[in-house]
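Peer 1: Quick one: the structure is below, questions incoming.
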Amino acid sequence: MLPKIPIGHWVDLLVIWATNNLIPLFNVIVVVINFMVSSITYLLLLPHPLVIIFIFLLLVWFLTNRKTAIGTAFGLLLIYDLNIWEPSMETLAMVISATIVALVFGVPLGIWTARSDTAHKAIMPVLDFMQTMPPFVYLIPAVFFFGIGTVPGLIATVVFAMPPAIRLTGLGIRQVPVELVEAAEAFGSTQMQKLVKVQLPVAMPTIMAGVNQCIMLSLSMVVIVAMIGAGGLGKEVLRGIQRLDVPTGFEGGLAIVVIAIILDRITQNLSKKGK
């Protein structure tokens, strides 16, 4: 019988080392994430819900089209009517925050993988690992490093939702026609000018598909991270499961579906406009 490779022990040693040596970094992350999520939540809950619904109606109409805007308004009115507006806005704030963080790190990494074959070969297996690892596993180190609450939930969500942003950003840039890049080089464009004025605009529909997947994966983590105190609609669904309360669980799940459909339609329409 082969001796067992102590992979779990090695990971445990790594977690203990990080806990003992990276506390200042973790404290900064906690402050930044708490500020981001609480600020977005405060802005969403400050006005009357009907005011927020009207603002979303105008914003979505401007970004997409009238049909999507009307559907958004009806969906948000349904959430308001179900008396779960506050947890819905908390969930929306978490999804927005997780998506922002994922894109801040994911898009530059995607650009790097498109420009460097070495980086592409090194990062792709890591992304495979991140996407195939069960989401519950991410909760263990997140709780270890950041305790219970919104911060570890958002960190776990970012880790789970980031891979599509990296993959599709790199794919979009790699698929830019060589003729366009050569034309930009012929006109004396720098590497940054080629990226900003040629590659990113042409790759934008593919990048928006990555944003869409990032948002959908963030929403899929809502119920899971509620297990470590993240709150929002996941808490409502979890409460319904624990108490076998069908109405509470169903209404919380329905609100998650409504938010998912709204965000999906917005990103899809933005992607079509990009094309």
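Peer 1: Restricting attention to helices (runs of 4 or more DSSP H) lying wholly within region 125-208, give those where 1 or more residues are farther than 29 Å from Phe26 by Cβ and in contact with a Gly (Cβ under 9 Å, 6 or more places away or on another chain).
Peer 2: Numbers: elements: 135-146, 150-174, 178-186, 191-194.
Ranges flagged: 150-174.
Peer 1: For Leu92, indicate whether it is hydrophobic (A, V, I, L, M, F, W, C), part of a helix (DSSP H, G or I), over 21 Å from the mean Cα position of the chain (by Cα) and within 29 Å of Ala156 (Cβ to Cβ).
Peer 2: Numbers: hydrophobic (A, V, I, L, M, F, W, C): yes; part of a helix (DSSP H, G or I): yes; over 21 Å from the mean Cα position of the chain (by Cα): no; within 29 Å of Ala156 (Cβ to Cβ): yes.
Judged against the criteria, Leu92 is not a match.
Peer 1: Let me ask something additional. Inside region 215-259, can you point out the residues that are of a type in the set (Gly, Ala, Ser) and under 14 Å from Gly153 (Cα atoms)? Break it down into steps so the answer makes sense when it comes.
Peer 2: First, the residues of region 215-259 that are of a type in the set (Gly, Ala, Ser): 218, 220, 226, 229-232, 234, 240, 249, 252-253, 255.
Answer for region 215-259, where residues must be of a type in the set (Gly, Ala, Ser) and under 14 Å from Gly153 (Cα atoms): Ser218, Ser220, Ala226, Gly229, Ala230, Gly231, Gly232, Gly234.
Peer 1: Pairs please, first residue from region 98-110 and within 17 Å of Ile173 (Cβ to Cβ) and touching a residue at least 12 places away in the same chain (Cβ under 8 Å), second anywhere and in a helix (DSSP H, G or I) and among the β-branched types (Val, Ile, Thr), Cβ atoms under 6 Å, 6+ apart in sequence or on different chains.
Peer 2: Pairs that qualify, where the first residue is within 17 Å of Ile173 (Cβ to Cβ) and touching a residue at least 12 places away in the same chain (Cβ under 8 Å) and the partner is in a helix (DSSP H, G or I) and among the β-branched types (Val, Ile, Thr), are Gly106/Ile166; Val107/Thr169; Leu109/Ile166; Gly110/Ile166; Gly110/Thr169.
Peer 1: Quick one: Ile52 ticks every box in (1) over 15 Å from Val151 (Cα atoms); (2) touching a residue at least 40 places away in the same chain (Cβ under 8 Å); (3) β-branched (Val, Ile, Thr) bar one, so which box is it?
Peer 2: Condition not satisfied by Ile52: (2).
Peer 1: Do we have any residue at all in region 4-22 that's closer than 30 Å to Pro141 by Cβ, surrounded by 13 or more Cβ atoms within 10 Å (Cβ to Cβ) and within 21 Å of the chain's Cα centre (by Cα)?
Peer 2: No.
Peer 1: For the condition crowded, with 20+ Cβ neighbours inside 10 Å, touching a Cys at 6+ places or on another chain (Cβ under 9 Å) and under 25 Å from Ala142 (Cβ atoms), what is the one hit in Ala102, Ala93? First the steps, then the outcome.
Peer 2: Values: Ala93 fails: touching a Cys at 6+ places or on another chain (Cβ under 9 Å).
That would be Ala102, the only listed residue that is crowded, with 20+ Cβ neighbours inside 10 Å, touching a Cys at 6+ places or on another chain (Cβ under 9 Å) and under 25 Å from Ala142 (Cβ atoms).
Peer 1: Related question: Considering each residue of region 36-58, count those that are assigned to a helix (DSSP H, G or I) and surrounded by fewer than 11 Cβ atoms within 10 Å (Cβ to Cβ), and give that number. Break it down stepwise before answering.
Peer 2: Our first condition is that a residue be assigned to a helix (DSSP H, G or I); within region 36-58, this holds for 36-45, 49-58.
Filter again for surrounded by fewer than 11 Cβ atoms within 10 Å (Cβ to Cβ), leaving 51.
The number of residues fulfilling the criteria is 1.
Peer 1: Of all residues being surrounded by fewer than 17 Cβ atoms within 10 Å (Cβ to Cβ) and at pLDDT below 85 in region 198-228, which is nearest to Ala142 (Cα to Cα)? Just the residue, please.
Peer 2: Met227
Peer 1: Pull up region 108-146, narrow it to residues that are among the β-branched types (Val, Ile, Thr) and modelled with pLDDT of 85 or more, then point me to the one that is surrounded by the fewest Cβ atoms within 10 Å (Cβ to Cβ).
Peer 2: Step one: list which residues in region 108-146 are among the β-branched types (Val, Ile, Thr), which gives 111, 113, 118, 123, 126, 132, 137, 140, 143.
Among the residues that remain, those that are also modelled with pLDDT of 85 or more are: 111, 113, 118, 123, 126.
Details: Ile111: 21, Thr113: 24, Thr118: 9, Ile123: 19, Val126: 12.
Once the filter is applied, the top-ranked residue is Thr118.
The values are calculated or read from the model by the stated rules, or taken from the named source; none is laboratory data. None of the values given here were measured: they were computed from a predicted structure. Ideal geometry is used to build each Cβ from the backbone, glycine not excepted, and the neighbour counts take in all protein chains shown.
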